[in-house]
Amino acid sequence: QVQLVESGGGLVQAGGSLRLSCAASGSDFSTYVMGWFRQAPGKEREFAATISRNSLNRDYSDSVKGRFTISRDNAKNTVYLQMNSLKPEDTAVYFCAGVLMIGTWTTSTSPHAYNYWGQGTQVTVSS
């Protein structure tokens, strides 16, 4: 059971960088698989990145791979999304998500796989 709060969003120019943080409060953050999703106006929520409990497994959508890096610090109950080389099409509300994962790792790219969500933080990239 966790509560998630995102921060770090803002307005940046194309080519710039932002680092999003997701602070978790609640029990045993280290047992949760974490992910980042984003939703642009008029579009459905889409997968961006996910990370396993021990950080040994990470996966990214094709649209962000090579530019974004997901990481976590279980001692700080925080997951991060480092976003580099930002493009206007990255403009969206970014959501942190988590799910208690029991079993072997399988990349979860559907928002339906996650049952804990933050309120989102706005990222706007200008051209």
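Per-structure values
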| read-out | value |
| --- | --- |
| Unique match (being within 10 Å of the chain's Cα centre (by Cα) and among the aliphatic types (A, V, I, L, M)) among Ala75, Ala97, Ala24, Ala113 | Ala97 |
| Considering residues of the stretch 54-69 that are closer than 21 Å to Ser7 by Cα and among the hydrophobic types (A, V, I, L, M, F, W, C) only, the residue surrounded by the most Cβ atoms within 10 Å (Cβ to Cβ) | Val64 |
| Test: Leu56 is in a loop (DSSP other than H, G, I, E, B), in contact (Cβ under 8 Å) with a residue 60 or more places away in the chain, over 18 Å from Cys22 (Cα atoms) and out of contact with any Lys or Arg (no Cβ under 6 Å at 6 or more places or on another chain) | no |
| Tabulated pairs, the stretch 98-112, first open to solvent by 40 Å² or more (accessible area, probe 1.4 Å), second of a type in the set (Gly, Ala, Ser), C-beta under 6 angstrom, 6+ apart or interchain | Trp105/Ser52 |
| In the stretch 15-36, residue farthest from Gly98 (Cα to Cα) [restricted to those that are open to solvent by 50 Å² or more (accessible area, probe 1.4 Å) and assigned to a loop (DSSP other than H, G, I, E, B)] | Gly15 |
| Among the residues listed as Val125, Val93, Val79, the single one being outside any loop (DSSP other than H, G, I, E, B), in contact with an Asp or Glu (Cβ under 7 Å, 6 or more places away or on another chain) and modelled with pLDDT of 95 or more | Val125 |
| Subset of the stretch 37-53 (residues that are open to solvent by 50 Å² or more (accessible area, probe 1.4 Å), in contact with a strand residue (DSSP E or B) (Cβ under 9 Å, 6 or more places away or on another chain) and either closer than 18 Å to Gly120 by Cβ or free of Cβ contacts under 8 Å to residues at least 12 places away in the same chain (or both)) | Gln39, Pro41, Lys43, Arg45, Glu46 |
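The values are calculated or read from the model by the stated rules, or taken from the named source; none is laboratory data. Computed from a predicted model, the values in this text were never measured in an experiment. In this analysis, Cβ positions are derived from the backbone assuming ideal geometry, glycine residues included, and neighbour counts consider all displayed protein chains. Keep in mind that these areas ignore ligands, DNA and RNA; they rest on the heavy atoms of the full protein, side chains included. Shrake-Rupley method; radii C 1.70, N 1.55, O 1.52, S 1.80 Å.
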